[in-house]
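Chemist: Could you have a look at this structure, given as structure tokens, before my questions?
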Amino acid sequence: MDNESRVALVPLDREHLDASRRWANDPVLNRAMLRALPASESGQERWYAGIADNPGKMVFAVIWRADGRHIGNTGLYGIDWLHRRADFWILIGEADYRGQGVGSEVTALMRRFAFDNLGLNRLCLRVDPDNAAAVALYASQGFVREGVLRQDSYIEGRFRDILIMSQLKREYEQQKRH
């Protein structure tokens with residue numbers, strides 16, 4: 001999607017499922033993904049099949065351009081073509097690539113894709129309010145805190161609050177101009 005980025009976004013394919021399942025079952029990443037249950041091989045296959053058949057979902061593998069390594073996934077869920085909105089998510093699964101600005105690059109690519117290519121007006125995301133790095137990343141990319149869903153998710157044996165953040169196309173356009 002962008003030749004100057006260190007990463008490329010390619011449509012998720014079956015070859016990406018093993019790494020995706022490994023990340024989904026990593027206890028450190030599990031909480032960041034707001035996952036409550038582990039991912040089985042058959043469950044991962046069902047997830048993949050559900051993406052291919054659903055015009056309301058677009059999922060991309062994050063590929064490190066230098067060596068072609070699959071390092072994460074990102075996507076849009078709940079794409080509402082009438083109201084021009086979607087839920088955005090990102091996961092940098094390979095630990096060696098976290099904390100190096102890769103998440104910022106992927107988020108910028110996805111914002112450009114959603115607003116410029118798809119013509120969406122609103123991107124929304126859900127994040128653990130205790131995940132300070134993710135909250136800071138989204139804020140630096142122009143996402144605005146909307147509120148907290150109190151005790152919305154049951155993760156690691158307790159109910160957790162979930163922070164909602166969003167960005168509108170006009171905010172994205174204004175940020176692009178500066």
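Chemist: Could you list, in sequence order, all residues of the range 140-160 that are open to solvent by 60 Å² or more (accessible area, probe 1.4 Å) and either of a type outside the set (D, E, K, R) or modelled with pLDDT under 95 (or both)?
Modeler: Ser140, Val144, Val148, Leu149, Gln151, Asp152, Tyr154, Glu156, Arg158, Phe159
Chemist: Would you please list the contacts, defined by Cβ atoms under 6 Å and residues six or more apart or on different chains, that run from a residue in the range 128-140 that is farther than 10 Å from Gly103 by Cβ to a residue that is charged (D, E, K, R)?
Modeler: Pro129/Asp161
Chemist: Taking Leu91, is it over 12 Å from the mean Cα position of the chain (by Cα) and either assigned to a strand (DSSP E or B) or at pLDDT 95 or above (or both)?
Modeler: no
Chemist: Pick out the one residue from Arg177, Arg69 that is out of contact with any helix residue (DSSP H, G or I) (no Cβ under 8 Å at 6 or more places or on another chain) and at pLDDT below 95.
Modeler: Of the residues listed, the single one that is out of contact with any helix residue (DSSP H, G or I) (no Cβ under 8 Å at 6 or more places or on another chain) and at pLDDT below 95 is Arg177.
Chemist: Among the listed residues Arg112, Arg98, Arg177, Arg170, which satisfies the condition of being closer than 23 Å to Leu12 by Cα and out of contact with any strand residue (DSSP E or B) (no Cβ under 9 Å at 6 or more places or on another chain)?
Modeler: Unique residue meeting the criteria: Arg112.
Chemist: Ok, one more. Would you be able to tell me the number of residues in the range 136-163 that are in a loop (DSSP other than H, G, I, E, B) and not small (Gly, Ala, Ser)?
Modeler: 3
Chemist: Across the range 46-79, what is the number of residues that are open to solvent by 40 Å² or more (accessible area, probe 1.4 Å) and within 21 Å of Tyr138 (Cβ to Cβ)?
Modeler: 4
Chemist: Do we have Thr107 as assigned to a helix (DSSP H, G or I), under 12 Å from the mean Cα position of the chain (by Cα) and among the β-branched types (Val, Ile, Thr) here?
Modeler: yes
Chemist: Any idea which of (1) part of a helix (DSSP H, G or I); (2) among the small types (Gly, Ala, Ser); (3) open to solvent by less than 30 Å² (accessible area, probe 1.4 Å); (4) more than 19 Å from Gly72 (Cα to Cα) is the one Ser166 doesn't satisfy?
Modeler: Of (1) part of a helix (DSSP H, G or I); (2) among the small types (Gly, Ala, Ser); (3) open to solvent by less than 30 Å² (accessible area, probe 1.4 Å); (4) more than 19 Å from Gly72 (Cα to Cα), only one is false for Ser166: (1).
Chemist: On to the next question. List every residue pair whose Cβ atoms sit under 6 Å apart, with the two residues 6 or more apart in sequence or on different chains, where the first one lies in the range 161-176 and is aromatic (Phe, Trp, Tyr) and the second, anywhere, is assigned to a helix (DSSP H, G or I).
Modeler: So the pair list comes out as Tyr172/Arg111; Tyr172/Phe115.
Chemist: Can you tell me which residues in the range 50-75 are within 13 Å of Pro11 (Cα to Cα) and not in a strand (DSSP E or B)?
Modeler: Those that are within 13 Å of Pro11 (Cα to Cα) and not in a strand (DSSP E or B): Ile51, Ala52, Lys57.
Chemist: Which one of these is of a type in the set (Ser, Thr, Tyr) and within 17 Å of the chain's Cα centre (by Cα): Ser40, Ser20?
Modeler: Ser20
Residue by residue, here is whether (1) farther than 24 Å from Asp18 by Cβ; (2) in contact with a Ser or Thr (Cβ under 9 Å, 6 or more places away or on another chain) holds:
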{"site": "Thr74", "(1), (2)": "no, yes"}
{"site": "Ala86", "(1), (2)": "yes, no"}
{"site": "Gln100", "(1), (2)": "no, no"}
{"site": "Ser104", "(1), (2)": "yes, yes"}
{"site": "Thr107", "(1), (2)": "yes, yes"}
{"site": "Arg112", "(1), (2)": "yes, no"}
{"site": "Phe115", "(1), (2)": "yes, no"}
{"site": "Leu118", "(1), (2)": "yes, no"}
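Chemist: Further question: Going through Leu120, Leu82 one at a time, which residue ends up being buried (at least 21 other Cβ atoms within 10 Å of the Cβ) and over 15 Å from the mean Cα position of the chain (by Cα)?
Modeler: The conditions single out Leu120.
The values are calculated or read from the model by the stated rules, or taken from the named source; none is laboratory data. The structure presented is a predicted model; accordingly, all values stated were derived computationally and were not measured. Positions of Cβ are backbone-derived with ideal geometry, glycine not excepted, and every protein chain shown enters the neighbour counts. Just so you know, the surface numbers come from the protein's heavy atoms only, side chains and all, with ligands and any DNA or RNA stripped out. Shrake-Rupley method; radii C 1.70, N 1.55, O 1.52, S 1.80 Å.
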